[in-house]
């Protein structure tokens, strides 16, 4: 199996649109005003998270603090901590905005960016990982692992803080999703529940998969070892991938084998057919 480059080009991991967070925030605020009018019983929640706030970073800080707070670390400590992390790394806010837009564009059950901010645990878990990743880069490993642990307990989704994940990620449903320490996921990838990006034993070093841009991985699929899922490839549901997947191909089965071509960008079109 050929070696996979450890370093990726920055454009494969970062958002390309300037100030996307501001535009997404305007959409969220307008949707929250409408929702508060339609559902008065939600006014308190919407006011706390959105209507009394002035930007996406603050709203995310409040929503995650409400979700993650517990006896070990309460909301009064979590909320300012999250705000400070996002202030120290504003690109992470833009990545979260790109994730929200991906959900709206690809998930037929989502009608606006307010819905995932408030209620979609796939987004909440990914945002929690992004905070843990900031901490990991700052070498605050114990606190990063706390975020991972609590996020796993609350959302049923386990992403190691050291993993490198681009933006425009749709984590649909998300329950049982697992990502190992040295995994890499580029931009514009769609993944479903019970997907595992894992290792195959007790190796050290780079031992988890690399998933290139535009990939779609179906529910229950397992991608194991330092294998590469090539750009715009498709992995069928419940498949077990143990070898590299060529770009623009579809694989299925246990172990997975090529069963056809993958047309266009599967992650964007969410088409699960095998050809």
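Just so it is clear, none of the values below were taken in a lab; they were calculated from the coordinates. What you see is a predicted model; the values in this text were computed from it and never measured. As a convention, Cβ positions derive from the backbone with ideal geometry for all residues, glycine included, and neighbour counts pool all protein chains shown.
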Can you give me the angle between helix 75-88 and the longest principal axis of the chain, using Cα atoms only, in degrees from 0 to 90, rounded to the nearest 10?
60
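Note the direction-averaged projected area, equal to a quarter of the hull surface, for the Cα convex hull of region 112-260, in nm².
Details: hull surface 34.1 nm².
Convex hull of Cα atoms, orientation-averaged projection: 8.5 nm².
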For region 180-275, calculate the relative contact order in percent as a whole number, restricting contacts to Cα pairs under 8 Å that are 6 or more residues apart.
23
Taking the 0 to 90 degree range and rounding to the nearest ten, how far is the long axis of helix 90-106 tilted relative to the main principal axis of the chain, both from C-alpha atoms?
70
Length gained, residue 175-residue 84, 0.36 nm per residue minus C-alpha separation, equals 29.9 nm
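Length gain on complete extension for the stretch residue 76 to residue 27, per 0.36 nm per residue less the alpha carbon to alpha carbon distance? Mind showing how you got there, number by number?
Numbers: separation 49, 0.36 × 49 = 17.64 nm, distance 2.76 nm.
That works out to 14.9 nm of additional length.
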Residue-averaged 222 nm ellipticity for the chain, from DSSP H runs of 4+ at -39500 (n - 2.57), nearest 500:
-12500 deg cm²/dmol
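Could you order the peptides 53-61, 84-92 from most to least packed, using the average number of other C-beta atoms within 10 Å per residue?
So the order, starting with the most tightly packed, is 53-61, 84-92.
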Any idea what diffusion coefficient region 74-193 gets from Stokes-Einstein, in µm²/s, Kirkwood Rh on alpha carbon pairs, 37 °C, 0.692 mPa s?
230
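For the chain, give me the percentage of DSSP beta bridges that are antiparallel, rounded to the nearest 5 percent. Numbers along the way, then the final one.
Values: 4 of 29 bridges.
Taking every DSSP beta bridge within the chain, about 15 percent pair in antiparallel fashion.
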Measuring from the longest principal axis of the C-alpha atoms of the chain, the long axis of helix 20-38 (C-alpha) lies at a number of degrees, nearest 10, equal to 60
Provide Rg over Rh for the chain; use the alpha carbon set for both Rg and the Kirkwood Rh (inverse mean inverse pair distance).
0.97
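Over the chain, calculate the relative contact order: mean separation of alpha carbon pairs under 8 Å at least 6 apart, over the residue count, as a percent.
Working: 599 pairs, mean separation 33.5, N = 275.
12 percent.
Between residue 142 and residue 261, what FRET efficiency comes out of the Förster formula 1/(1 + (r/R0)^6) with R0 = 51 Å and r the beta carbon distance, rounded to 0.05?
Details: r = 46 Å, r/R0 = 0.91.
E(calc), rounded to 0.05, equals 0.65.
Using C-alpha positions alone, give me the convex hull volume of region 180-275 per residue in cubic angstrom. Write out the running numbers ahead of the final one.
Numbers: hull volume 7.2 nm³, N = 96.
For region 180-275, the hull spanned by Cα atoms encloses 75 Å³ per residue.
Rounded to the nearest 0.05, what FRET efficiency do residue 237 and residue 153 have when you use their Cβ-Cβ distance and R0 = 30 Å?
Details: r = 26 Å, r/R0 = 0.87.
Step by step, r from the Cβ atoms, then E = 0.70.
So in region 180-275, what percent of DSSP beta bridges are antiparallel if you round to the nearest 5? Kindly include the intermediate steps, with their values, before the conclusion.
Values: 4 of 20 bridges.
Looking only at bridges with both residues in region 180-275, the antiparallel portion is about 20 percent.
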